[in-house]
6 protein chains.
Amino acid sequence: MKNKNLLVVSAHAGDFIWRAGGTIAKYVKEGANVTLIILSFGARGESNDLWNIEGQTLENVKAVRRAEIEAAAKHLGVTNYEIWDYEDYHMEITPERTLQLLQKIREVRPDIILSHGPKDAFNPDHETVSSFVFETSVLATSNGVRDVDLPCIKQAKLFGFEPHQSEISDFKPDVIVDITDTYEQKLAAMNCFKAQKHLIDYYAAKAALRGNHARRCSGKNQYKYAEAFYRFFPLVGEELI
Amino acid sequence: MKNKNLLVVSAHAGDFIWRAGGTIAKYVKEGANVTLIILSFGARGESNDLWNIEGQTLENVKAVRRAEIEAAAKHLGVTNYEIWDYEDYHMEITPERTLQLLQKIREVRPDIILSHGPKDAFNPDHETVSSFVFETSVLATSNGVRDVDLPCIKQAKLFGFEPHQSEISDFKPDVIVDITDTYEQKLAAMNCFKAQKHLIDYYAAKAALRGNHARRCSGKNQYKYAEAFYRFFPLVGEELI
Amino acid sequence: MKNKNLLVVSAHAGDFIWRAGGTIAKYVKEGANVTLIILSFGARGESNDLWNIEGQTLENVKAVRRAEIEAAAKHLGVTNYEIWDYEDYHMEITPERTLQLLQKIREVRPDIILSHGPKDAFNPDHETVSSFVFETSVLATSNGVRDVDLPCIKQAKLFGFEPHQSEISDFKPDVIVDITDTYEQKLAAMNCFKAQKHLIDYYAAKAALRGNHARRCSGKNQYKYAEAFYRFFPLVGEELI
Amino acid sequence: MKNKNLLVVSAHAGDFIWRAGGTIAKYVKEGANVTLIILSFGARGESNDLWNIEGQTLENVKAVRRAEIEAAAKHLGVTNYEIWDYEDYHMEITPERTLQLLQKIREVRPDIILSHGPKDAFNPDHETVSSFVFETSVLATSNGVRDVDLPCIKQAKLFGFEPHQSEISDFKPDVIVDITDTYEQKLAAMNCFKAQKHLIDYYAAKAALRGNHARRCSGKNQYKYAEAFYRFFPLVGEELI
Amino acid sequence: MKNKNLLVVSAHAGDFIWRAGGTIAKYVKEGANVTLIILSFGARGESNDLWNIEGQTLENVKAVRRAEIEAAAKHLGVTNYEIWDYEDYHMEITPERTLQLLQKIREVRPDIILSHGPKDAFNPDHETVSSFVFETSVLATSNGVRDVDLPCIKQAKLFGFEPHQSEISDFKPDVIVDITDTYEQKLAAMNCFKAQKHLIDYYAAKAALRGNHARRCSGKNQYKYAEAFYRFFPLVGEELI
Amino acid sequence: MKNKNLLVVSAHAGDFIWRAGGTIAKYVKEGANVTLIILSFGARGESNDLWNIEGQTLENVKAVRRAEIEAAAKHLGVTNYEIWDYEDYHMEITPERTLQLLQKIREVRPDIILSHGPKDAFNPDHETVSSFVFETSVLATSNGVRDVDLPCIKQAKLFGFEPHQSEISDFKPDVIVDITDTYEQKLAAMNCFKAQKHLIDYYAAKAALRGNHARRCSGKNQYKYAEAFYRFFPLVGEELI
């Protein structure tokens, strides 16, 4: 992983933590260059806890979310992150936003892009972001796309987060990453979103389940916690991995 | 790949060459321990060319196929192979045969098992062998299965060959292995089956197509030829590969 | 549920507990007539923990499993159960066994049959039992099938357990049953299989995850724990449930 | 069904009758509060019969359709309906229209929403409306979505109509509702669309086929006519229904 | 169709009539050589109506079914048919039966084989026959399969009947055949199975529905009744049909 | 094919050649009226070869592509073609463009429309065009769609090209067309795109593979080269083709 460029694109404030916090922390730890883009604060669609407080305002919701993101990113060791403050629920993609992401991809020159997978049964924003990231990553490789003044890149590997309700979102684990060594960091990051106790429990339970699958599929009993991902293209390489 | 144990199980004489010859040669070259089991000569279902010769006999068909297998295995560098001489078209699986394969799996202790994938639109034998190998590999990991006097093994990684007509066999490439360095060996091995000129052309074309896909998915322009495989379980590991 | 006849068919000793213990306990509690058939002790395929003990014998494994089943059934409130002692891994279905199950189905006259769903990625026995139960249930409804001297029955509703690795077994939850009230019983029943600590943790985590899904899909915040099932036929009834 | 709030959203004039007329009439009869939104008159895409009349005008087509809707709604017992007069073929969804539906959903506070399912092989409008209704229903449950001045609601159950050519639209019946008691009302409502004789025959035949399936799946021989629906989320509840 | 060899293989007495009666009659009418094999009388699984008669015997059920088949075949114009009297529910396939069908296929040298498709949600016999026919047809083309003393044949086109509950049997119409001209013959043939009034109505309704689909897909308004089929292999030919 | 109206809609400059060149040439040769619409020059997304030349300009890229199209069309015998010069990567569909295509479809009155199939794993433009063509073809059949002053048409048969990486694009061949007689023309047309040597080799190999499948499925050994297509609707006709 050392020196690999990893670009993470998260639709809302917490998505990258719940679904990939352990893996992101692992890449940081092993010396990868991690860039994190958070497209929205999730102020409209994923902040029910905050809106239940009397007299709540949009600015305040964003401020709370910003503080949580900051604290969580710190636990994961991510220093290089940006919040693009798109409105969520519904998130709309415009030509300007495509340009913005295109610019970022060509700057970062990622080996790996990690974002949302193509289907999420209860979350249209996640599906929108999945297409947005995939399609812009295709533009980024094309020499004829000259809207930004940066050279085109090689095809990055694309991976998608596991959605919240995986089975009804047609998700099958293609890659399961062992996060035993960074699980404590993920837990600390999740705990920055205190009001969402039920999600913390949920993703703790899920990490343990995926750890069980990881052991069963690999025979490696040291795997305790894991995260699962969708792979956009076939694995291409030198051997049967 | 060095010192890895690779077990290949081929339903008929030529299956391992057409579909995995380059990959097998690569594993041999890199120092893996390759064991090859050929379950049948394919005398009934895959020797139309020989039966078109007037006065043909079953013994002769088998003798011809044996010589071809021998020559092909040599080109791939495989010295450790067995032909179990099951009748093909239909191939039947009995408890004795399950025991025979169980014994072999526990002897070889494979890191990787390579055989037929679960569906093959035109070849029921291939589907039979796929279940046979998968199910026996599960038995091999169970400590309570004591029918053979050998300790149980850890779960091997299982991969399936690409079937002949991939799309109508529900095949999607999960892993594509670059075989540029061993493609000449594969070609030489294929040419041992001289009478099947149309298959040699077919699998040469296929290796080139898969090479094109390999380049497009990985951005590595040095990949010229490739073979594609089905993965039975998710990839479990330490990173996003 | 009162007075409904529920027939549960479990391939191995523990399957009915891990996957449906809470639901079974609920039916018992609400006054259903529950009949439980356990086809095998799981001595070969699902007793690795016991076989790790030096000098283990098949009789002893079965004795241990029998005691565990007895204790677990007690926790669930199931008094009416039978162990048919089929060999597992592989479980074979014979005409005699079909007759045995046919007889039982026509005796019980189930409103609901609960057994394994059609696919289980790592467990061929579960797939065998799924076909066995489904096909025999079809025979049971046919007036021309006179191999047993009992009248034919109406079509029972068929449900399948969630398999261990649901996504790679093509499982989608069709019905999610709230088990909050009987979760303690399920936990007690699971704890009868002490040696399988990792499975107890696994299915505790899974019950919590399914509880989360149940809340999200229904808006009922009182649902804490749940179990998910596969439905063999469409739901037919009087309203949009 | 008594006192349940049912919201029906129909893309064109006749969709709710052909595909759900019997079920809607049943809910009315049993005391549910039924609100019906008809998004368009279907003047462009589903009025070929009217346009075949020399000198036809758009106003007249709409007037004819309005009269038919009125008469049909009366037969079903629906008094609470609105026609939003969107242009059809193609129907476009704008932010204003999302707001309009959001407002309506939060007013009605539906227990059940019944609209088009996600796929319809020959009718892109139906697919558009399916996403429109599903996504707006998600917005309606989110406390942070404050574009309308009405409190957020609990997740409603969502069901989709059976499309016209079900198999090539990937439709499988998830729920089949017996409409034997209200079939005459459905027939009367269908007959309000006199010019479309072939559709009346078609949906009469379909109701009989679904009745046959209902009997076969449930064993209840009193079911003569039925309608089938797609379920957007798993069924969550207290038992194995 | 003139002079084409059509081989129809029907699992039970009535299958070929309900699902393909119009098409078979059409082939006869147009001068095809039609051979019909009925594998069983359906005495156990598809004769509930007869078994409801007090004192019924197996011989009598078969005699009734034989008379019905005879009458129905006459209406369709089929003179060349055989009843092989296999036991149904469950139908078992043995090596002898494979040989029997292989012999028949090599005798008939069919251009087209019409039998059951691969999945039938409520009828395991139909799935058994589908594999049986498909696999034996593959054996028939192989020059090395010399168990019968007849030359091997070219690959026939294989088509599958529409199952009773098409959607839950994963059936999609691949080919829809207009049977307007022979519909009366089909109706007459169906009426030979008088006791099964509900099936006659059902398949009459289905023929009308398929006629509607046929018109919508082709624009040919003269199509009134149709039957739908599954295609086992891609259509290969000279143009875009 | 004689006198049939065939409308081909190609997203970029070369798509119609790589994927359907042999079939188009065959229709021309047999006397069909072929109209070809090329929506874009593929200047941004499919001209990497040209942009690699120092100082390249958009005008020049388009000029080169125009010359190549002209030469290729000549080889295929197509004289009636238009280039609509939409921007590619991303291609956007507007109401004006829908009108433009609607006008063209009603002018041409196609029996067959050939364009992109619904899914293409690496090419979002192809998916956009697939919807665009399908949906506009539906509008074209509706008498109430009066935006252009031409009478509505009957439903054309719709076929989709095989995508570049067929398996990961969920493509299965529905129709395989023999192009042995026009393969030389296709090769000549492909060679007009000299800079894309790897694509010429690729589609030559693919034509040979599809030829192999065509022989295996049909038994016609004269088929040497073929092209495969997706069928949007079931085949409706007079016989089992």
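The values are calculated or read from the model by the stated rules, or taken from the named source; none is laboratory data. Computed from a predicted model, the values in this text were never measured in an experiment. Positions of Cβ are generated from backbone atoms using ideal geometry, with glycine treated the same way; all protein chains shown enter the neighbour counts.
Being modelled with pLDDT of 95 or more, farther than 26 Å from D:Pro173 by Cα and touching a His at 6+ places or on another chain (Cβ under 7 Å), is that true of even one residue in region C:216-234? Within region C:216-234 (the criterion being modelled with pLDDT of 95 or more, farther than 26 Å from D:Pro173 by Cα and touching a His at 6+ places or on another chain (Cβ under 7 Å)), the answer is no, since none of the residues qualifies.
The one condition from (1) at pLDDT below 95; (2) touching a Ser or Thr at 6+ places or on another chain (Cβ under 7 Å) that C:Ile179 does not meet is (1). Within region C:11-29, residues that are under 15 Å from C:Ile69 (Cβ atoms) have Cβ atoms under 7 Å from residues that are of a type in the set (Phe, Trp, Tyr) and in a helix (DSSP H, G or I) in these pairs: C:Trp18/C:Tyr203; C:Ile24/C:Phe16, counting only partners at least 6 apart in sequence or on another chain.
To keep it simple, each residue is scored yes or no on (1) farther than 23 Å from D:Phe229 by Cβ; (2) aliphatic (A, V, I, L, M); (3) in contact (Cβ under 8 Å) with a residue 40 or more places away in the chain.
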site: D:Asp88; (1), (2), (3): no, no, yes
site: D:Pro95; (1), (2), (3): yes, no, no
site: D:Ala140; (1), (2), (3): no, yes, no
site: D:Phe171; (1), (2), (3): no, no, yes
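Restricting region D:202-219 to residues that are basic (Lys, Arg) and more than 8 Å from chain C (Cβ to nearest Cβ) leaves a set whose member that is nearest to E:Ala207 (Cα to Cα) is D:Lys206.
Among residues of region B:182-199 being more than 17 Å from B:Ala25 (Cα to Cα) and surrounded by fewer than 20 Cβ atoms within 10 Å (Cβ to Cβ), the one that is modelled with the highest pLDDT is B:Leu199. Taking region D:101-155 as the region of interest, how many residues are under 18 Å from A:Tyr89 (Cβ atoms) and among the acidic types (Asp, Glu)? So the count comes out to 3.
Yes/no per residue for (1) small (Gly, Ala, Ser); (2) closer than 30 Å to F:Val138 by Cα; (3) touching a strand residue (DSSP E or B) at 6+ places or on another chain (Cβ under 7 Å):
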site	(1), (2), (3)
E:Val133	no, no, yes
E:Thr136	no, no, no
E:Leu139	no, no, no
E:Ser142	yes, no, no
E:Glu184	no, no, no
E:Cys192	no, no, no
E:Leu199	no, no, no
E:Tyr202	no, no, no
E:Gln222	no, yes, no
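Picking from residues in region C:220-236 that are facing chain D (nearest Cβ under 7 Å) and more than 16 Å from D:Phe233 (Cα to Cα), the one that is surrounded by the fewest Cβ atoms within 10 Å (Cβ to Cβ) is C:Phe233. Scanning region F:180-209 for residues that are charged (D, E, K, R) and within 17 Å of the chain's Cα centre (by Cα) yields a count of 2.
Scanning region A:144-179 for residues being at positive phi and in contact with a strand residue (DSSP E or B) (Cβ under 6 Å, 6 or more places away or on another chain) gives a total of 0.
Restricting attention to region D:173-218, the residues being farther than 26 Å from D:Lys119 by Cβ and free of Cβ contacts under 8 Å to residues at least 40 places away in the same chain number 7. Are any of the residues in region F:98-121 surrounded by 15 or more Cβ atoms within 10 Å (Cβ to Cβ), over 30 Å from D:Pro124 (Cα atoms), touching a residue at least 12 places away in the same chain (Cβ under 8 Å) and in contact with a strand residue (DSSP E or B) (Cβ under 8 Å, 6 or more places away or on another chain)? No: region F:98-121 contains no residue that is surrounded by 15 or more Cβ atoms within 10 Å (Cβ to Cβ), over 30 Å from D:Pro124 (Cα atoms), touching a residue at least 12 places away in the same chain (Cβ under 8 Å) and in contact with a strand residue (DSSP E or B) (Cβ under 8 Å, 6 or more places away or on another chain).
Taken across region B:152-161, residues that are surrounded by fewer than 22 Cβ atoms within 10 Å (Cβ to Cβ) and of a type in the set (Gly, Ala, Ser) do not occur at all.
Consider region D:77-86 and keep the residues that are touching a helix residue (DSSP H, G or I) at 6+ places or on another chain (Cβ under 7 Å) and not in a loop (DSSP other than H, G, I, E, B). The one that is farthest from the other protein chains (Cβ to nearest Cβ) is D:Tyr81.
Quick test for you: out of F:Ser40, F:Ser10, F:Ser47, pick the one residue that is modelled with pLDDT of 95 or more, touching a helix residue (DSSP H, G or I) at 6+ places or on another chain (Cβ under 7 Å), among the hydroxyl-bearing types (Ser, Thr, Tyr) and over 23 Å from F:Gly211 (Cα atoms). Only one candidate passes the filter, namely F:Ser10. Pairing residues of region B:65-79 that are among the acidic types (Asp, Glu) with residues that are modelled with pLDDT under 95, at Cβ distances under 8 Å and at least 6 apart in sequence or on separate chains, gives B:Glu68/B:Ala13; B:Glu68/B:Gly14; B:Glu68/B:Phe193. For region F:94-117, the criterion of being more than 11 Å from the chain's Cα centre (by Cα), polar (S, T, N, Q), modelled with pLDDT of 95 or more and closer than 30 Å to F:Ala205 by Cβ is satisfied by no residue at all. Quick check: anything in region B:44-59 under 30 Å from E:Thr94 (Cβ atoms) and within 16 Å of the chain's Cα centre (by Cα)? Yes, because at least one residue in region B:44-59 is under 30 Å from E:Thr94 (Cβ atoms) and within 16 Å of the chain's Cα centre (by Cα).
A single entry from E:Glu46, E:Glu70, E:Glu87, E:Glu30 fulfils the requirement of being of a type outside the set (Lys, Arg) and over 27 Å from E:Ala204 (Cβ atoms): E:Glu87.
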